[in-house]
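Single-structure report; data block below.
No lab work stands behind these numbers, since they all come straight from the coordinates. Here the structure is a predicted model, which means the values were calculated and not measured. So basically every Cβ, Gly included, is an ideal-geometry build from the backbone, and we count neighbours across all protein chains shown.
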4 protein chains.
Amino acid sequence: MFQDLKERVCRANLDLKIHGLVILSWGNVSEIDRKSGVIAIKPSGISYDDFRPDDVVLVDLDGKVIDGQLNPSSDTPTHLELYKNFPEIGGVCHTHSPYATMWAQAKMEIPCLGTTHGDHFFGRVPVTRELREEEILNNYERNTGKVIVERLTNLKTLENPAVLVACHGPFTWGETAKAAVIHALILEEVAKIALGTWALNPGSEDISKTLLNKHFLRKHGKNATYGQKK
Amino acid sequence: MFQDLKERVCRANLDLKIHGLVILSWGNVSEIDRKSGVIAIKPSGISYDDFRPDDVVLVDLDGKVIDGQLNPSSDTPTHLELYKNFPEIGGVCHTHSPYATMWAQAKMEIPCLGTTHGDHFFGRVPVTRELREEEILNNYERNTGKVIVERLTNLKTLENPAVLVACHGPFTWGETAKAAVIHALILEEVAKIALGTWALNPGSEDISKTLLNKHFLRKHGKNATYGQKK
Amino acid sequence: MFQDLKERVCRANLDLKIHGLVILSWGNVSEIDRKSGVIAIKPSGISYDDFRPDDVVLVDLDGKVIDGQLNPSSDTPTHLELYKNFPEIGGVCHTHSPYATMWAQAKMEIPCLGTTHGDHFFGRVPVTRELREEEILNNYERNTGKVIVERLTNLKTLENPAVLVACHGPFTWGETAKAAVIHALILEEVAKIALGTWALNPGSEDISKTLLNKHFLRKHGKNATYGQKK
Amino acid sequence: MFQDLKERVCRANLDLKIHGLVILSWGNVSEIDRKSGVIAIKPSGISYDDFRPDDVVLVDLDGKVIDGQLNPSSDTPTHLELYKNFPEIGGVCHTHSPYATMWAQAKMEIPCLGTTHGDHFFGRVPVTRELREEEILNNYERNTGKVIVERLTNLKTLENPAVLVACHGPFTWGETAKAAVIHALILEEVAKIALGTWALNPGSEDISKTLLNKHFLRKHGKNATYGQKK
């Protein structure tokens, strides 16, 4: 049942470790099969060393476990909130990768200081507001999803495939689990470079809209020229 | 004699190297068998390349060598002091991992700036006072244990499994040697992220008690929901 | 056809990954055969994992594809502009390596703060001006080459084998593709050390012209004494 | 002829690469056989990938090549100056490791901010004065040795086994080539931790003389208790 989906999600989770984005059992990635509404996600607190496709948990959009012996990630309700509100996305990734987490803890957007950033994120990487006391006390993980959705209002998710949850860390997404992980890796690199840029030149401003358009749109959208024909 | 204990302690020490927390022969990990009062600890100044379970030294709570051809770690009296005063702990780890040591040398607590920290440490990572002249001159290693114990007064050791010894570096602990090493690894990651957060935003404050409770208690204690049933 | 050239260019591109200068499909390296005017370059957006010599694309100095099934790197017009204006160079390399990119995004030259720098770059690593709006909108990649050429006016390219494109990242070159990659690696190390030097001592000045001459000229030029007779 | 010496020196040079202290062909290590006055040193500009014991060059204290097909390191006269003036040392190592080089380029001593430092260096890591114009123009490499010797006046070399050459980088030494390399590795770690300590707390002062004595002397000298009986 959904064997391909499980294998893709297992592989995407293992890639977090290979890319150096997580330590121990940190991080989680999921992918949704939109036709059936089935979501495959990493089990909670499992070691990457032992992680196999059969360990992947299947849940529905209400969070009910459909298949799997293990508990799903404790962040599952956050993932579900994103899938429900962003019908265009197919994969979600959450890490505590160090440089992105520094910006999240500083409660600062990542400025768009260069083309490395503009090649992949169509503007600043946004940061959510902090959750209110009652949002933490009840349905915390679901409310984490809600503040992300709130922050993405008026932004296109596939052009802005990353957000920093204030005091917490990054969530990224894409059309697949694999794409979500790639965005997490790029975000970490961009976060590191931005930190060093501001250390050198605290007054550095974001690149011009013209330069951002040029770089983002040569890689994305119907006029993209980057890469190979598919 | 205590072969399992020796193997666990050997493995835990080797993990320091695998996790990149130590260079050369730096660092040491021990575990206590509470029934017999026997402590297994790394020998002093031994290379990780050659380190085998049979090299592990067994000492009693007075520091007397019970078994082993080699001298125990010079930090043994510090470990003993912790085992004597914290009956709930089973393993102790000491490293000079760079980011945690930066905070120790700066004589600053590590602020609790995000949920990565709050998932594992129930508040700031405390720093000891500096040892007094006479505490350095006589029974230095034992006094290092004493200032740790003094600093942990009114804190629960299993909720605060790490301390920074001022001008020195981190000690961590847990129910086993393995747990102590995992806390050393997490501490290093948290120390790195905190340093970067303050570089970006020197005014960043600790997360709210509500958020800290939510994160720490979903992972620890009787109402924990994280991970798998055991 | 040009099999040796393709193999050298493939190897040079793979070295970017081995040296840790790029993630994903980032970066590109080319080499020119001056006799025929044929340039071998990495295809656009290809994964390093699958990259083979037969994937290398051959283009002429007008950018026309001569051989190869894949699209050439989107940065090809920048490479061409450098080959056309700098007849003494044989290889070009472009990365977004983090430390060099920090300086590029800060729009600051890398000061020549020590002999590590002076051994390889005969003075500060220059930074281009930002491209003007119309230069971005039309022939962007070619204009990127043009601002590099403009910035190198009055500099000798083989003594200054690196430039930072403002808001973008480094381009390096040399007599071969391999040499261009080596300069990219050295540039990244020099950029990292310079950042830390200024963090420690913001007032650090460039080394004296006498010390720079001594170091650069013992490694380069007709009186070089470094290395082995060839 | 001196086969053991060549093998030790080859191994020590390769360790620079394994420890991540050098890139490309950077760095050099030598060892002296005091009975014969023969020094074994790395050839100039050779790749670590191909480096074999038979490539090691033997020179006498005047720098005359006694054995070997290759040119000795261009830094040979610096090594010789140290061997001539410090009869108690047996090995010398030079790198441009990034963190130590940051301090050298900042022309700042590395303060002794913690016990990690005090375990290995008996006080601050000194920095030389800059070479004068005429010292650069004539016999530069030998004069580099002379300013090191000048700076070490009134310091014991085996208690202070490292120096920073201003605007250049670190030289370390010890009783053997292997010891010199170990000091280079420790120096790099200490330099990194000190940089972060001052980033956190610019006012951090050196540790007390009492604490320094305790740590250094438990590892070195006739009353040392660290390690195993030999």
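Things to note:
- Cβ crowding within 10 Å ranks A:Tyr140, B:Tyr99 as A:Tyr140, B:Tyr99, fewest other Cβ atoms first.
- Solvent-free Debye scattering, log10 I(q)/I(0), computed from the Cα coordinates of region A:118-230 at q = 0.16 Å⁻¹: -0.86
- Annotation: average projected area of region D:66-194 is 8.0 square nanometres, based on the convex hull of Cα atoms across all directions.
- Hz values of 3J(HN,Hα) by residue in region B:193-206 - Karplus curve (6.51, -1.76, 1.60), Gly and Pro given as x: 5, 5, 4, x, 4, 6, 5, 6, 9, x, x, 4, 9, 4
- The C-alpha atoms of chain B define a longest principal axis, and helix B:3-18 lies at about 50 degrees to it.
- Couplings 3J(HN,Hα) of region B:92-97, computed from phi: 9, 9, 10, 9, 10, 4 Hz, in residue order, whole Hz [Karplus 6.51 cos²θ - 1.76 cosθ + 1.60, θ = phi - 60°; x for Gly and Pro].
- Volume in Å³ per residue [convex hull over Cα atoms, computed for region D:164-230]: 134 Å³
- Reachable aspartates and glutamates, given that their alpha-carbon falls under 20 Å from the alpha-carbon of A:Lys35 and they are not under 8 places away in the same chain: A:Asp4, A:Glu7, A:Asp60, A:Asp62, A:Asp67, A:Glu81, A:Glu88, A:Glu175
- Acute angle (nearest 10 degrees) that the helix C:76-85 long axis makes with the longest principal axis of chain C, alpha-carbon atoms: 60 degrees
- In this assembly of identical copies, the label point of A:Thr225 (Cα plus 7 Å along Cα-to-Cβ) is separated from its counterparts by 5.1, 5.1, 7.3 nm, sorted shortest first.
- Inter-copy separations for A:Arg129, label at 7 Å along Cα-Cβ, nm, ascending: 4.5, 4.5, 6.4
- Stokes-Einstein diffusion of chain B at 10 °C, 1.306 mPa s viscosity, Kirkwood radius from Cα pairs, rounded to a whole number: 89 µm²/s.
- Inter-centroid distance (Cα atoms) of region C:132-201 relative to region D:59-104, Å: 34 Å
- Most fluctuating residue given options A:Gly174, A:Gly90, A:Gly68, as computed from a GNM of chain A linking Cα atoms under 10 Å: A:Gly68
- Amide hydrogen proximity for D:Val125: with H placed 1.01 Å from N in the peptide plane, the residues at 5 or more positions away or on another chain lying under 5 Å are D:Ile110.
- Burial ordering of B:Ser30, A:Ser204, fewest other beta-carbon atoms within 10 Å first: A:Ser204, B:Ser30
- Around the amide H of B:Asp67, modelled in the peptide plane, lie the amide H atoms of B:Leu58, all under 5 Å away and 5 or more residues distant in sequence or on another chain.
- Sequentially through region D:142-147, phi angles give Karplus couplings (6.51, -1.76, 1.60; θ = phi - 60°) of 5, 5, 4, x, 5, 6 Hz, Gly and Pro residues having no value and appearing as x.
- Taking a ≥ b ≥ c as the square roots of the Cα gyration tensor eigenvalues, region C:61-139 comes out prolate, since a/c reaches at least 1.5 and a/b is larger than b/c.
- Computing Rg and the Kirkwood Rh from the Cα coordinates of region B:34-95 gives a ratio, Rg/Rh, of 0.95.
- Close amide H pairs (under 5 Å, H built 1.01 Å from N) link B:Gly45 with B:Ser74, D:Gly227, residues at least 5 positions away or on another chain.
- Closest approach to the A/B rotation axis among chain A Cβ atoms, residue and whole-Å value: A:Ala199, 5
- Rh (Kirkwood; distinct C-alpha pairs) - region D:104-153, Å: 12.3 Å
- Over 23 Å between alpha carbons, listed pairs A:Lys17/B:Lys219; B:Lys84/B:Lys156; D:Lys64/D:Lys107; C:Lys229/D:Lys84; B:Lys6/B:Lys84: D:Lys64/D:Lys107; C:Lys229/D:Lys84
- Tilt relative to chain C, helix C:209-219 - C-alpha long axis, 0 to 90 degrees, to 10: 40 degrees
- The orientation-averaged projected area of the convex hull spanned by the Cα atoms of region B:6-140 comes to 9.3 nm².
- Fewest-first ranking of C:Cys10, D:Cys112, using other Cβ atoms within 10 Å as the exposure measure: C:Cys10, D:Cys112
- For A:Pro202, label point 7 Å along C-beta direction: distances to other copies, nm: 0.7, 0.7, 1.0
- A convex hull fitted to the Cα coordinates of the protein assembly as shown yields 174 cubic angstrom per residue.
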